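Asks: Could you have a look at this structure, given as structure tokens, before my questions?
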Amino acid sequence: MKEDEVAVEDVVVTGYGNIKRESFTGQATVVTQEELLRVSPTNILAALQVFDPSIQIVENNEMGSDPNTLPQMQVRGQSSISGATELDVINGTASEYDLANDPNCPLFILDGYETTLQTIYDMDPMLIKSVTILKDAASTAVYGSRASNGVIVFESVPPKAGKIDISYNFTGSVTAPDLSSYNLMNAQQKLDAEVAAGLIMPTGQVTTYTSFDNRIAHYRDVVSAVSQGIDTYWLSYPLTTEINHKHSLGFTGGSEGFRFSLNVNYGNNNGVMKDSFRETMGVSLNLNYKMSEKLRVSNNISYSKTNNSNSSYGSFSDYTSLQPYWYPYDLTTGEFIESFSQVSGADIANPLYVQTLDNYSIGDYFTITNNFNLDYYINKYLRLTGSLAVSYGKTNSETYVDPDDPSMDNYDMNEKGRLSISDGTTTSMNGNVVLQYNRNIGKNNINLRLGGNMRESTTETTGFVYRGFSNSLLIKPMYAAELYGDNVTMSDSVSRLVGAFLSGNYSYDNIYLFDISARLDGSSSFGSNNKYAPFWSLGAGINFHNYDFMKSVDLFSSLRLTANYGQTGQVNFSPYMAYTSYQIQTSGWHTTGLGAELYSRGNSDLAWEKTNSLSVAFDATMLNSRLNVGLSYYNNTTIELVTDATLPLSTGFTSYKENVGKVENIGTEFRVSYAVIKKKDMGLNVGVTGSRNKNTILEISESQKAYNDSVNEYFEENSSVNTTPLLKYTEGGSLTSIYGVQSLGISPSTGEELFLSIDGSATTTWNSTDQTIIGNTQAKLRGSMTLNFYYKNFTLFTSFMYKLGGQVYNSTLASIVEGVNILSTNADLRVLTDRWKNTNDYVAYRALGLVSLYNSPTSRFIQDESYLKFNSVSLSYTLNKEWLNGSGISNCRLTANMSDVFTLSTVKQERGTSYPFARTFNLSANITF
Amino acid sequence: MKRKINILLLLLLPMFSLSCDKWLDVSSSTVVLEEDLFKSSAGYRQALNGIYVLMGKNTLYGKELTWGTSTAMSGIYDEDVLELLPSLEDYLAYTEDDIENEDLISGIYDPMWTAAYRVVANCNNLLAHVVDEDPELFEFGENERDIIEGEALGVRALMHFEMLRMFGYSLDEAGCDEARLPYVTDFYETAPTYYNTSDFLDLIIADLLASWDLQRSYDVGVNEYFTNGDDGYTDQFDTGYILDNYEDEDASFMSARGTRFNYYAVTMLLARAYLFKKDYDNAYYYANSIYGGTSSGVFGTTTFWATPSDDLLMSPYVKFKYEILFAAHQEDLVENYNIYDTDENSLAIGCAEEVFSDELTYDARYTGLISSDTKYSKRWVYDGTYADFAPVIRTSEAYHILAECMLREECSEYNPASAMAVMDVIRKARFGMPYVFYYDLYYALAGQEETLTNSQMLEIVWNDIKRESMDEGLYAWTEKRLGMGLSQPFPLPRKETDYNGL
């Protein structure tokens, strides 16, 4: 029995077996390794959004290009609401589970098993054969309670038979910080700005908190510094241009009966902040043995390890705020100055001095995975596959704060210094059994899959904090004065899942297509009254191009319409959430013994979130396969969201998890590609994709209403600092809405801001109850544009990402241009140029003064955002085979690639506030011996 | 071939079988899932012990329901001193009648309410499990099961009763018909029912009667040493006390009954609840069962201190230990109190001279327990063996209730002379110097036609409650019951009024 070698594009890999794409009614996007590498040889996840507009990587404006920040991904919008609200995050009350788990993260499947975003992020792209993005009910229903956020299936490169192939891939990269969004003042400009703000105006003429004498003294100091030529460009100190390299070495070969492959990889990713890095390495061995004509077994064992370190230079924002007229070194000794004194307020520590201390934040993790697969061809039509995977992972992270660190100033000698150590282990076991039946009877094609899987995942974490370090030579727990008692954390969780599914595909004459899937999931996380969850989907489609009359017309090589509907689920709560639990009272025994008290109020009815999803797709390939058009529409309604239900205090608890709430995502997507030139030696292919998603909250819970009130309270309590908008939950609103008070602009007569209150009147005070929806970050249209050109051995690939419409709250304007505390931080140059000065000035920003004008969210800082990002460009060249004759090299390809070339945006704000963005240039060589 | 498929299907079937259910039940090692806790006798004990630990917190008996709010609201403390004490200046709001003060709402009322109902929730979940539990599971069988259930019911009633005192209206107050307070009996309740004072009291009494019934057989039948051990008393706080019937077992859970809500404490609380309800006959009955059952044992013995001396100021005497029927327990009790007992200032009993008036020099409750110069109280400051106990229910209350009932004409036991005789038992015990018996006083005056009036005699009883309890917080009960205290009850937490429509 021969295995069919089919082109990757022709099958849909569901992770539970492959389906012929032509007869499948679900929607799936398949991306090959080659395509991924064209976009980025290092970042698989970011590359995916070029190929499928339904995938969105949420831009992290804070962490920029930090190699240790994992991306946040969504497929077809947000359907779930995180258990950790924005206020929880601000107040530090979010649970660890909620912080670590993005409720909208798709399910990642690697060779049939659930894996983590982190594993994929650190994976060597050379090991990936293809990626299949499953996004509708028909394609994801077999994943049941894990399917609602979409499923991304990764398939690794299998061993190839034949003589031993050795392949080596090298990628060298140069990565440099991208500071184009920063526009800070230099020393002279900063001095001018301070003077303009009233630095040397006598008290009485300006409102200030510091005396005239102080200000004059400060003015003299600054003038003298500026005249000495001091103009420190602080941004350059923590940054560096780094060279990174990545190596993958693979051996594969063997006979038809026994094949193997061995892969070793190493890569480092040094970030643009000094000494921040992520280093990955791995080895995997894949054995594939054909025991008989009918039975094939394979085993894959792999080990991977990652080391990471965060920059010892701290947050980038520490540098952007420093005054350019300060000099980091003491002019006489040449040593770093410890701190700078300000004209008013506390001293500011010199981050460069702090960097010389022994602070560090490092971590590592490793994973060992063993996959065993069995493939039994019972007969021509029946095939049984079974597999068992076991994996063990261990993570460790360590953070040390030096006793001399400014944050330790207020502690006693024996309490200074902090060493935080946390360890975690994860063990998971997976078993799958799938029976496949595939048969053609006349014009009928039947494909049935019956299967089941079990999964157990155990995690344990322990965290300790030690304090009291005398010097940093001995940074070990035993040299600490004490274990910082309140900061010992331990948690563990076991979750188990068992599921069975039946999935069938039927086609008649390759024209009429039907799909049906059903799955029953049992999970230990569900409440005891809802242990088992059913999921299903139905799909139908027509391949018009297979009608005889269409075949005679040579216009369409493919013309099809498919639709499917079904219900999938998502579990968005920690494993014990459904259970009532007790905690042991470790302090304070009662006279008659140890006590236990209620810890959580369970809900035995707690269930998975359900998404009813309808998906319709139209695909056409025409003009001699030159033009390819795809259109799709979806309507996903997520019901019974897991949210907090509030309780009267007399129940002893304030809330419990309940299934309430409804969120809708309606969207359309398109994909057009056209082969402008299609010759043997030359080709030009252009493509554009786009998507539009409308997210609407249809129903909210009582606790979310209460949360909205606490957001209002938060703003009232924080009226004297700059605040950024916080999400509120309103029916009819969206999970991407921006809330704030509608601004009527700056009054030209007074320079004061006028707000529109909820009753329609104008007021000069910002009231948190006047907040309404003032914008939405969701784009009207977003997607990618690609251009692929090849001529002989050269291939050029470029990709652009675009966004049209949608708003953004420009916090740079709010806090660094207008809300700036001019005497204590540096600021955007617009402070000097764009602010109100005189009566009847029609400007966007209020008057500059020595006392900061703090901003609460106002529509004045909402801006429409459209951008065009030159995402990647790559040029590759394959060496002529003839040239390689006799060298032992059978294939050689060289690629130059650049990512994040530039961004054109309608919004000018600082990007990468804690960690800057970067541009990367890669040079790769792929050699096969 | 067909057979092979059948075999395969059979292999798949176990996945759907019942064994799945078992496999899907998981447990944790950092929290205890309730199913795991209530698998063993030890788990039940922990759940019950935990309830008492919660009751000992500062929000409840560790502070607010004893020497904190409960004392301050009766105007016991010196206002000038309160003003000087960190974080206690809020208490001034009580005497200034500024009850709806935001600081008190967020700092005292809401946490107190939350803590009390958290205790109720713990009781309810324990009750849900213990009610149907097989007595065989417990080391001490039916007796242990019964006292666990009985105590949980009793504590549930006690917590609700405390909330009635703080947040509710007494029957004399205008708001008593308002369906104001929730009586929660189901842990999974999401919409509790709110009751008016009279119905609320009936629910408290019903729980107490059930508790009384469940605990009687052990505390009266088996644990007969509760009031008759060494020197006439079992040490009700001694965990080492081994019961005759269970010599071979570890009986620590079954002893130290004074730290848990035992039969006698329940009896006393029943009397208090009936008195609050103005059901004087029933109040008399239950108070008398403490008085009658112990008249020779409690107040008649030598261990009750009659002559104040320096020794008395050392624990256990300072807490009147032998008279405590139920005390909450908190390890940091003394430490927490001492925060307010500094060299410069201490929680001075401002009303002391007025309360003891012309008996200042006789009554040991003044001479022994209140410093004559600074007027600070000595009850909470002494560290020692019994320092961790916060007295909640005392035998002396039985005397006060008996006396009051006998002074109420509605009571079938109406008998002012006997009432005065009962009061005299206390006076006899508390006075170290020659004193006047009220009984004699009553008759002497009666002989001269000008007898003590009922209201005078009630004043005598109530005044004695104040002397007895002083900064233990019990006098607030009397004030509440008689509508003599604060002008209004504490406002309910907003997270409660959203539900009861008030």
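Asks: Report, as an integer, the average count of C-beta atoms from other chains found within 10 Å of each Cβ along A:374-387. Present the calculation step by step, with values, prior to reporting the outcome.
Replies: Working: counts 0, 0, 1, 0, 4, 2, 0, 1, 4, 0, 4, 0, 1, 0.
For this peptide, the per-residue mean of nearby foreign Cβ atoms is 1.
Asks: In addition: Straight-line reach from A:LYS792: which aspartates and glutamates have a Cα under 15 Å away, not including same-chain ones fewer than 8 places off?
Replies: Cross-link targets: A:ASP681, A:GLU882.
Asks: Show me the ranking of peptides B:89-101, A:304-316, A:528-540 by mean Cβ neighbours inside 10 Å, starting with the highest. Present the calculation step by step, with values, prior to reporting the outcome.
Replies: Working: B:89-101: 15.8, A:304-316: 20.6, A:528-540: 18.8.
The densest-packed peptide leads the list: A:304-316, A:528-540, B:89-101.
Asks: Quick one: of B:LYS39/B:LYS495; A:LYS246/A:LYS476; A:LYS290/A:LYS881; A:LYS135/A:LYS780, which pairs are farther than 28 Å apart, Cα to Cα? Numbers along the way, then the final one.
Replies: Working: B:LYS39/B:LYS495 35 Å; A:LYS246/A:LYS476 33 Å; A:LYS290/A:LYS881 33 Å; A:LYS135/A:LYS780 20 Å.
Listed pairs above 28 Å: B:LYS39/B:LYS495; A:LYS246/A:LYS476; A:LYS290/A:LYS881.
Asks: Taking beta carbons within 10 Å but only from partner chains, what does the mean come to for residues A:671-682? Please report the intermediate quantities before stating the final value.
Replies: Details: counts 0, 0, 0, 0, 0, 0, 0, 0, 0, 0, 0, 0.
Other-chain Cβ atoms within 10 Å of each residue's Cβ, averaged: 0.
Asks: Grab the DSSP H runs of the protein assembly as shown that are 4 residues or longer, score each as -39,500 (n - 2.57), total them, divide by all residues and round the 222 nm result to the nearest 500 deg cm²/dmol.
Replies: Counting only the DSSP helices, I get -6500 deg cm²/dmol.
Asks: With the cut-off at 30 Å, tell me which of the pairs A:LYS129/A:LYS662; A:LYS662/A:LYS803; A:LYS20/A:LYS610; A:LYS20/A:LYS394 have Cα atoms farther apart than that. Display every interim value, and only then the final one.
Replies: Details: A:LYS129/A:LYS662 38 Å; A:LYS662/A:LYS803 27 Å; A:LYS20/A:LYS610 28 Å; A:LYS20/A:LYS394 39 Å.
Violating the 30 Å limit, Cα to Cα: A:LYS129/A:LYS662; A:LYS20/A:LYS394.
Asks: Quick one: which residues, 5 or more positions from A:ASN722 or on another chain, have an amide H under 5 Å from its amide H? H modelled 1.01 Å from N in the peptide plane, none for Pro or chain starts.
Replies: Here A:ASN855 satisfy the definition.
Asks: In debye, nearest 20, what is the charge dipole magnitude of the protein assembly as shown about its Cα centre with +1 on Lys and Arg Cβ and -1 on Asp and Glu Cβ, if you could check?
Replies: Values: 101 positive and 178 negative charges, 2241 e Å.
The dipole magnitude comes to about 10760 debye.
Asks: Need one number: nm distance between label points at A:SER749 and A:ASP834, each 7 Å from Cα along Cα→Cβ, rounded to one decimal.
Replies: Each label point lies 7 Å from its Cα, and together they span 2.7 nm.
Asks: Now a separate question. Taking Cα centroids, how far is region A:844-901 from region A:416-474 in Å?
Replies: 32 Å
Asks: Just flag the GluC sites (Glu not before Pro) in region A:217-297 sitting in loop per DSSP whose Cβ has no more than 13 other Cβ atoms within 10 Å. Provide the component values of the computation, followed by the final result.
Replies: Working: sites: A:GLU242, A:GLU256, A:GLU279, A:GLU293; in loops: A:GLU256, A:GLU293.
Qualifying residues, ordered by number: A:GLU256, A:GLU293.
Asks: Once amide H atoms are built 1.01 Å from N in the peptide plane, which residues 5 or more positions from B:ARG260, or in another chain, come under 5 Å H to H?
Replies: B:ALA327
Asks: Could you give the distance between the Cα centres of region A:726-788 and region A:546-613, to the whole Å?
Replies: With region A:726-788 and region A:546-613 each reduced to a Cα centre, they are spaced 33 Å.
Asks: Provide a whole-number value for the mean count of partner chain Cβ atoms within 10 Å of the Cβ atoms in peptide A:433-443.
Replies: Details: counts 4, 0, 5, 0, 1, 0, 0, 0, 0, 0, 0.
Partner Cβ neighbours, averaged per residue: 1.
Asks: If we sort A:671-681, A:700-710 on the protection proxy, mean other Cβ atoms within 10 Å, highest first, what's the order? Numbers along the way, then the final one.
Replies: Numbers: A:671-681: 13.5, A:700-710: 18.3.
So the order, starting with the most tightly packed, is A:700-710, A:671-681.
Laboratory data are not the source of any read-out in this text; all were calculated from the coordinates shown. The structure presented is a predicted model; accordingly, all values stated were derived computationally and were not measured. Positions of Cβ are backbone-derived with ideal geometry, glycine not excepted, and every protein chain shown enters the neighbour counts.
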